[in-house]
Amino acid sequence: MKKLITAILFCSLNGWANPPALIPAPAETEIHEGRASVPAVLTYSECPREASGAVAFLNRMGEKIPVSARKGTPASLHLKTDAGMGPEAYTLTVTDGEVSVTAGGTAGFVYAFSALIQAAGQPEEIPAFTVRDRPETEWRGFMLDSARHFQSIDTVIGLLDKLAFARINRLHWHLTDNDGWRIESRKFPKLNTVSSRVGRYPESERNGFYTFEEIARVSDRAAELGITVYPEIDMPGHAAALVEAYPELLCPSNRDRVPVSEKISNRDWTDILCVANPDLFPFLTEILDEVLTAFRHPEYFHMGGDEVPLGIWAACPLCSEKMNRENLSEKDLLTHFLKQYASYLEEKGVTPIYWCEYPTRKISDNAIAQVWRAYVGRTYLKQSLKAGIRTLNAAGDYAYFDYPQFKGTAKSAWMPVLSLKKVYTYNFRPSATAPGKDLFMGGACTLWTEEVNQDSIDEMIFPRLFAFSEQMWTPKNKKNFARFGKRLEILSPVIEKTGISQGKAPSREALQKAVPATVATSLNFKNSHYPEYAVNGRDADAFVSAFAPKAGDYFSVRLKEPAVGNRLQIISGGFFIYDTPNGRIDDGTTVSVCYDGEDGNPVGVGSFRNGIVDCEIKAPVREVRIDFRNEDQPVSVNEIIVK
């Protein structure tokens, strides 16, 4: 008997009750008589050129749906192109033992197979069906930050399949920032030998850059999936890694700087380019030409342009002279630089994108502003569209996936919790009556990686990316969060089998197994802010006490293996602790260690100052202990580091 893999959902005595559970919910589903089943091996006799990448995608992601070509034998998979449908539209029909797909282009075939994977993996039989689907919003973007925590090229390429599975069609690749320059330069080798190695993170996650050949691999895989990839070279701010190698690009008055590797706070950034330096733009254009070549002259190019602190240019003799001569403010100077940057890209036939800091300032007729500041997100969206600017919405409180998903998770003070429901129910679009609404380009979500390493990417993105996808893809009358949640529950086992790991609320038991230490403390702790968070190696976590420590309270970490190094760092404070201002441990609070082989003989090594301990140690450490005095507020212990 021919082996079949049966697809899903519920049936009743009166017939089939429900269509297949799919994410995002499709525009139209038609139910047919009979059941839907997918043969153990799908065979096709003809494969349109536009479908070849999608067939490879199905073989990679569809664990139980191998596909092969068998000319001259009856086919179970029928593929057809209809360019009139639009490149992302598709029709998928699944009957008893046969699958038919008609799509408008490469992306349409990929999305049809994504739906097929979901349908074929559900737990119960479903009726034969036809799905007719197309996106409501054309631009559905995702930004990956590779500048902070660096990811391997295989991680990036693997991520593309997962984005396509979730119907994401734009990958914005953030390749430069204060913590690293991540793209090869053949003209300026110090960008590779110096700027790619400056970050403050563990060495394996901060040293590296992508070669031209690796970028070509990403571009090729993206094209097979219908994903448009474009780089971000962030200027004139966020330039610490660049000026680590080329400090002459800084303002003359701003060259007495702290190296990136010695900065404590990731918000201590004053390394901005001197935009009045006559040598700056010729230097930058040579870099841009290299990047454009590596990306084969992409359709889009992100210029950055955000978070340029005011005051530095005003203090610079070159910039202030230019401002006085041309009657410019510092904001004007930034706009002037971005216009120059955009003009160069447009001369190359590339559309510039920039982070929207000043929504009424138009950079060029063709440039796209990306709204990101959460607290003014909808205001900036309205103002930018009204000013006649093409605009993307990536409002931080609803689209920043480095924010924790679950209540009780320790996090930086400025981070809100971004729940699945909050993503799903936010309307990224302007109102139907908004002036300039036709200039709305679409929505984008982002993964900044100051506090996310490559092993945590999936858990931070998913399942929130599915919520974003449905918000942007599905017609308004088909969207409902409760029904989305039920479909997600049904599909979660299928999703896991594709290789996607979804985020889950942490349990203390799992945390204790993962941490290479035992923690003892006299302090009660906030729900889910476990003591182990102080030593689990993740920047996003902190131990948070429930009450203010008193004299005699302690926090002790005993390592399972001695830690070798010559310096001990303990970082406290700066985490959201309900009504607590900052969680810093008071100045003068003492720290002692037990060296390996000298158990029971603690040695005082330092004390807190401005919430931080940074002291010398003389041998491998087995135990670290904090002895509190009377504090006036609860405290957070963010990280204990031996280096």
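The values are calculated or read from the model by the stated rules, or taken from the named source; none is laboratory data. In this text, all values refer to a predicted model and were calculated from it rather than measured experimentally. Glycine also receives a Cβ, built like all others from the backbone with ideal geometry; neighbour counts cover every protein chain displayed. Only protein heavy atoms, including side chains, enter the accessible area calculation; ligands, DNA and RNA are left aside. Shrake-Rupley method; radii C 1.70, N 1.55, O 1.52, S 1.80 Å.
Residues whose amide H falls under 5 Å from that of Gly606, counting only those 5 or more places apart or on a different chain, are Val591, with hydrogens built in the peptide plane.
How would you classify the range 446-523 from its alpha-carbon gyration tensor, with a ≥ b ≥ c the square roots of the eigenvalues: rounded for a/c under 1.5, else prolate if a/b is greater than b/c, otherwise oblate?
Values: a/c = 2.44, a/b = 2.13, b/c = 1.15.
Prolate is the answer for the range 446-523, as a/c is 1.5 or above and a/b outweighs b/c.
With a ≥ b ≥ c the root eigenvalues of the C-alpha gyration tensor of the range 289-428, is it rounded (a/c under 1.5), prolate (a/b larger than b/c) or oblate? Prolate.
Comparing the range 54-100 with the 2.2 N^0.38 Å rule of thumb, its C-alpha radius of gyration ratio is 1.28 (two decimals).
What FRET efficiency would be calculated for the residue pair Ile153, Glu299, taking the C-beta separation as r and a Förster radius of 25 Å, to the nearest 0.05?
Working: r = 22 Å, r/R0 = 0.88.
Efficiency for this residue pair is about 0.70.
Remark on Arg170: its backbone amide H falls under 5 Å from those of Arg140, Phe142, Thr228, a criterion applied only to residues 5 or more positions apart or on other chains, H modelled at 1.01 Å from N.
Roughly speaking, what is the stretch gain from Lys422 to Ala505, that is 0.36 nm per residue apart minus the C-alpha to C-alpha distance, in nm to one decimal? List each step's numbers first, then the result.
Values: separation 83, 0.36 × 83 = 29.88 nm, distance 1.62 nm.
Here the answer is 28.3 nm.
So which of Lys560/Lys618; Lys80/Lys486; Lys422/Lys497 end up more than 24 Å apart by C-alpha? Check vs 24 Å cut-off fails for Lys80/Lys486; Lys422/Lys497. Modelled label-to-label distance, Arg49 and Cys615, 7 Å Cα→beta-carbon offset: nm? Here the modelled spin labels are 7.0 nm apart. State in Å² the accessible area per residue of the chain; use a 1.4 Å probe, count heavy atoms of protein chains only, and round to the nearest integer. Here the residues of the chain average 40 Å² of exposed surface.
Given Cβ point charges of +1 (Lys, Arg) and -1 (Asp, Glu) and nothing else, what value in debye, to the nearest 20, does the dipole of the range 406-503 about its Cα centre take? Can you show the working numbers first?
Values: 14 positive and 9 negative charges, 143 e Å.
That gives the range 406-503 a dipole magnitude of about 680 debye.
A Förster radius of 51 Å combined with the Cβ-Cβ distance from Ser343 to Gln512 puts the calculated FRET efficiency at roughly 0.35.
For a distance above 18 Å, tell me the whole-number percent of Cα pairs in the range 593-637 that qualify. Within the range 593-637, distances greater than 18 Å cover 36 percent of Cα pairs. When shorter helices are ignored and each DSSP H run of at least 4 residues is given -39500 (n - 2.57), the per-residue value for the chain at 222 nm works out to -7500 deg cm²/dmol. Binning the alpha carbon pair distances of the chain at 10 angstrom intervals from zero yields the distribution 3, 14, 23, 23, 19, 12, 5, 1, 0, expressed in whole percent.
Taking the Cα centre of the chain as origin, work out the dipole magnitude from +1 charges on Lys and Arg Cβ and -1 charges on Asp and Glu Cβ, in debye rounded to 20. Spell out each step's value before the answer.
Values: 72 positive and 80 negative charges, 307 e Å.
With only Lys, Arg, Asp and Glu charged at Cβ, the dipole is about 1480 debye.
The chymotrypsin sites (Phe, Trp or Tyr not before Pro) of the range 546-643 that DSSP puts in a loop, and whose beta carbon has at most 12 other beta carbons within 10 Å, are Tyr578.
Above 27 angstrom, tally the Cα pairs of the range 40-174 and express them as a % of all pairs, no decimals.
Working: 2099 of 9045 pairs.
Beyond 27 Å sits 23 percent of the P(r) for the range 40-174.
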